[in-house]
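Following: one structure in structure tokens, then a few remarks.
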Amino acid sequence: MVFILKAFLLLLLIKLLVGSTCVILSKYGFINSVKNGDNLTSWLSEVSTIRFFVEVVILAPLLEEFCFRGITQSNSTVLIYSSITFLYLFSCRLNGVNFYEFHLKSILILLVSVTLCIIFKDEIISTFLTINASTISRIFLVYLSSIFFALWHYNNYNFANVNFQTKVLTLLPHFLSGLIFSWFAIKYGIKWSLSAHIFNNFIAVIITLIIA
């Protein structure tokens, strides 16, 4: 728990440094100001506080940890759950389906994801166990998954009419968070990266609700 607290404080410090840097760069015109994405804004206005809390603090960390950090594990069961979550989330995103809600489309996507992962179970496990057995390939996988984790949050912002460096700096905290959560997952197991992710989102939700 002391380790988790220290790492979370490090993550908070990184976010503050990146945020301060963005304020300074924005003042001198190097980057543009960024607002929350239209989808996020409309979603916040439509859902209840309880649903907002459950989805952001519990469901989002659970799905994202299995999707982006599960692949770094050496547990066969976690690897299968991770693969199912990855297929489900990205298939929903590509088809414009709300992955938090169970309806016909999301259920069909989930069933297809589960079926494919069962069919290719041995290949999936063998591939990721081989990757994670090598330090270099595992590090590469961590960085790659952290990049995808940052891009996963792209729709949280309205990037219309902003330059490239603005996008990079805005998504940078998510990338760094991905690296730290991966560190948790590899060092102590996915349950600890999940705990840290929940705690991180809990703080963000509390601040959002106070501001709102």
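Would you mind telling me the share, in percent, of accessible area of the chain contributed by carbon and sulfur at probe 1.4 angstrom? Heavy-atom surface of the chain belonging to carbon and sulfur, 1.4 Å probe: 70 percent.
Relative contact order of the range 66-212: what whole-number percent is it, with Cα pairs under 8 angstrom and at least 6 residues apart?
25 percent
Relative to the current alpha-carbon distance between Thr135 and Ile211, full extension at 0.36 nm per residue lengthens the span by 23.0 nm. In this calculation the C-beta distance from Ala204 to Ser26 is compared with R0 = 22 Å, giving a FRET efficiency of 0.55.
Rounded, prolate or oblate, given the Cα gyration tensor of the range 67-212, with a/c below 1.5 counting as rounded?
Oblate is the answer for the range 67-212, as a/c is 1.5 or above yet b/c matches or exceeds a/b.
If you count only protein heavy atoms with a 1.4 Å probe, what accessible area per residue comes out for the range 58-156, rounded to a whole Å²? For the range 58-156, the per-residue accessible area is 54 Å². Computed over the chain, the per-residue total of -39500 (n - 2.57) for DSSP H runs of n ≥ 4 gives a 222 nm mean residue ellipticity of -25500 deg cm²/dmol, rounded to 500. Spatially, the range 102-123 and the range 175-212 are offset by 27 Å when compared through their Cα centroids.
Quick one: which of 199-206, 177-184 comes out on top by average Cβ neighbours within 10 Å, and what's the full order, highest first?
177-184, 199-206
When the square roots of the Cα gyration tensor eigenvalues are ordered a ≥ b ≥ c, the ratio a/c for the range 12-138 is 1.5 or more and a/b does not exceed b/c, which makes its shape oblate.
Distance between the modelled labels on Leu5 and Thr115, one decimal in nanometres: 5.0 nm (7 Å Cα→Cβ projection).
The stretch between Ile107 and Ile147, if pulled fully straight at 0.36 nm per residue, gains 11.6 nm over its current Cα-Cα span.
The values are calculated or read from the model by the stated rules, or taken from the named source; none is laboratory data. Not measured: the values here are computed from a predicted model. Cβ atoms come from the backbone with ideal geometry, glycine included; neighbour counts cover every protein chain shown. Accessible surface is based on the protein model in full, side chains and every heavy atom, while ligands, DNA and RNA are left aside. Shrake-Rupley method; radii C 1.70, N 1.55, O 1.52, S 1.80 Å.
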